[in-house]
Each structure stands twice: as C-alpha cells, then as structure tokens.
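J.: Before I ask anything, here is the structure I am working with.
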Amino acid sequence: MDKFSELVHQILVNEDNHSLKNIAHDMGMKYDTFYARLVKRVAFKPSEIRILLGLIPDLRLISYLLEKTDYIAVDSMAVPENADEGDISDGVQELVVQAADVLKAVRLALNDQKIDHLENRKIMDEIDEVERTLALLSLRLSSK
C-alpha cells in the first residue's frame, strides 16, 4: 500500500491543497492517525479507503486499487441515463483525441530514442484515460 499512500498524499497535498485536518476529521480519525497513514507508517484499512474514496473521488485512487486486475475505473456519473446519438458521437470524438494524446506522448518520449520512467508513466496515464473513455463509450451504448 506504500504507493497508495503516496498517491493520496500527492492528490491531497501537492495537487488539491486539501486540509489534512479536515480530511482526518471527516474520516473520523485524529490528525496524527491520518498522518501516519499518509507517511506510510501505518497502512490504510479497507474501511478507511472506502471512506477516503467517498471524500476524494479521484479516479487515480480507484485505478491504483484496480491495477493488475481485469477491471477499469469509470466515473458512472458521466453516463447519461438515456444516451442519445450526440452523447455517443461526443464519446467517439473524445476517444480519438485521447488516442492522439497517446501517440503524441510516445513521439515526444522517443525524441531521444528511449523512454524513461517518467515518460513511461505519462504514456501509461494517457492509455488509462483512453481505456476509461472506451469503457464509458461502451456504457453509453449499452444504455440505449
């Protein structure tokens, strides 16, 4: 779970600048208890992860938990109840744009004839986004 804690820390502190005291309070924890989890002294419990995901619904957290499984995290709130042709067309256009982003990331990474670990992560993030969009498009089509 080390990487999970790192990702939570990155999202809460580096990106969104959340109040850790407020998050701890909302999770029903003392600040010190929550902080121990963020700095990897103590692992998050499954029940705490569930609460955290409710407070911070970031797909990257869910994607991390689903890594190396056959499942993909998709925001079900993004699926309209009755998808029409416009929703489906928008989904296909979004998919094409995101696939182009993958190609761009690979091209940029290969400028020096090698892909380092940061470039690899960027490419994998772009691929994850394409997979989510494809799954979302599938959900839209199945709701017709």
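The values are calculated or read from the model by the stated rules, or taken from the named source; none is laboratory data. Everything numeric here is computed off the predicted structure, so don't read it as measured data. Neighbour counts run over all protein chains shown; Cβ positions are idealised from the backbone, glycine included.
J.: Which ones in segment 12-44 are of a type in the set (Ser, Thr, Tyr) and in contact (Cβ under 8 Å) with a residue 12 or more places away in the chain?
T.: Scanning segment 12-44 gives a single hit, Tyr35.
J.: Another one. Can you confirm whether segment 82-91 contains a residue that is closer than 17 Å to Leu7 by Cα and out of contact with any Asp or Glu (no Cβ under 6 Å at 6 or more places or on another chain)?
T.: No: segment 82-91 contains no residue that is closer than 17 Å to Leu7 by Cα and out of contact with any Asp or Glu (no Cβ under 6 Å at 6 or more places or on another chain).
J.: Follow-up question, since we're still on this one. Take segment 49-94 and flag every residue that is of a type in the set (Asp, Glu), assigned to a helix (DSSP H, G or I) and either modelled with pLDDT of 90 or more or surrounded by 10 or more Cβ atoms within 10 Å (Cβ to Cβ) (or both).
T.: Scanning segment 49-94 gives Asp87, Asp90, Glu94.
J.: Identify, from the list Leu136, Leu118, the residue that is in a helix (DSSP H, G or I) and touching a helix residue (DSSP H, G or I) at 6+ places or on another chain (Cβ under 7 Å).
T.: After ruling out the rest, the residue left standing is Leu136.
J.: Okay, moving on. I need the full set of residues from segment 1-11 which are in contact (Cβ under 8 Å) with a residue 60 or more places away in the chain and loosely packed, with under 15 Cβ neighbours inside 10 Å, in order please.
T.: If the condition is that a residue be in contact (Cβ under 8 Å) with a residue 60 or more places away in the chain and loosely packed, with under 15 Cβ neighbours inside 10 Å, then Lys3 is the only one that fits.
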